[in-house]
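Novice: Pasting a structure below so you can have a look.
The values are calculated or read from the model by the stated rules, or taken from the named source; none is laboratory data. A quick note: this is a predicted structure, and the numbers were derived from the prediction, not measured. Methodologically, a virtual Cβ is constructed for each residue, glycine included, from the backbone with ideal geometry; neighbour enumeration extends over all protein chains shown. Side chains included, ligands, DNA and RNA excluded: accessible areas come from the protein's heavy atoms. Shrake-Rupley method; radii C 1.70, N 1.55, O 1.52, S 1.80 Å.
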Amino acid sequence: ATFLSSPELQKTGGQQALEVMVGGPTSIMARSFTALFSFALLLSVTKIIDSFKLTPGHHADHPSIVERRLGLGHASSGVPSGEISSSWTRREILDVLTTITGATLAVHPQKSLAYNGALSKDALSYNGVYSDPKHSKGYRVLIGDVDLAKLTLQDDPSGSVFNLPVKVDSKDGAVTRFAFDLSQKGGPTNIAGELGRDKEGIPIISFPDGNAWKKRETGPIGVYWNGSDPKKVMVLRPVKPPQLAVEYRNNGAVTSTGSARAGGSAITFDLPDGKTQGVFSMRDKTLTFDDGVVWTKF
């Protein structure tokens, strides 16, 4: 069907013959055939899934090794471990089939939209670990979307940790500025920060007083996601080389913590439920774990 509706196929003998048989352009026939095929496929799979029942201990989804070590069980699905229901599995599969069907029926290719169809990966490239020249021993972790974000900051290792709300301004899906509420740490309630890049292309956030936070993430330091949900991320931030702090966050809230030790590209993670190994790729900005799950840095 895709081949017949391709613009590269221009009135060949086969197309003309098909038009005579069906009484219209093959693109119409192709779309009708594809729609009927996709609908039949959905009905067939639904019936198969309805007849399939899961029992505790037989899960349709499996937590990654990192999630298991963090003690999160099936945190990625939002359903308690051992309680994965057949209705949950059916909905997940139908969502995938619906996405495939929509892509198949498209006459003109459309750009894939990640993050629940609302955001692009570039739009969230500001997510990361920032350094503040005024607090060189501290850190700033900024995580969010094109509307809201959460800032976690500590000015020095012995200081308090603050979790602060951030409003995000965007234009045409691209983040342009932030409004930080620093009142919890005695600062202003609405300080503006402009998002830009320095000469090296590194993201920076510039403030009215001339200060600028830079997202200079050396090696594996940064914010990662595993490709399923951008609100569920893993943060690797420096403590004291080669030691790293590990945080797993869901919608900005820290749900589990651990530590890691970097040795070249190999990283040993010491998490609540045990140790695991990861390999960092400087070229791809990815962390690949023993179970094959890949986490990609924003």
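Novice: Could I have the simple spin-label model distance between ASN251 and LYS134, label points 7 Å from Cα toward Cβ, reported in nm to one decimal?
Specialist: Simple spin-label model gives 3.2 nm for this pair.
Novice: For the pair GLU200 and ASP284, what calculated FRET efficiency results from E = 1/(1 + (r/R0)^6), where r is the Cβ-Cβ distance and R0 = 30 Å, to the nearest 0.05?
Specialist: Result of the calculation: an efficiency of 0.95.
Novice: Hey, another quick one. Step through the table entries LYS199/LYS231; LYS199/LYS297; LYS150/LYS232; LYS275/LYS297, compare each Cα-Cα distance with 24 Å, and write down the pairs that go over it.
Specialist: From the list (LYS199/LYS231; LYS199/LYS297; LYS150/LYS232; LYS275/LYS297), the Cα-Cα distance tops 24 Å for LYS199/LYS231.
Novice: What Kirkwood hydrodynamic radius do you get for the stretch 228-298 when you take the inverse of the mean 1/r over all pairs of distinct Cα atoms, in Å?
Specialist: For the stretch 228-298, inverting the mean 1/r across all distinct Cα pairs yields 12.5 Å.
Novice: Amide H neighbours of GLY128 under 5 Å, counting only residues 5+ apart in sequence or on other chains, H built in-plane at 1.01 Å?
Specialist: LEU142
Novice: While we're here: If I compute solvent accessible area with a 1.4 Å probe over the protein chains, what percent of it on the stretch 138-273 is carbon and sulfur?
Specialist: 49
Novice: A follow-up question, please. Testing the spin-label approximation: label points 7 Å from Cα along Cα→Cβ at ASP229 and ASP209. State their distance in nm.
Specialist: Result for the modelled spin labels: 3.7 nm.
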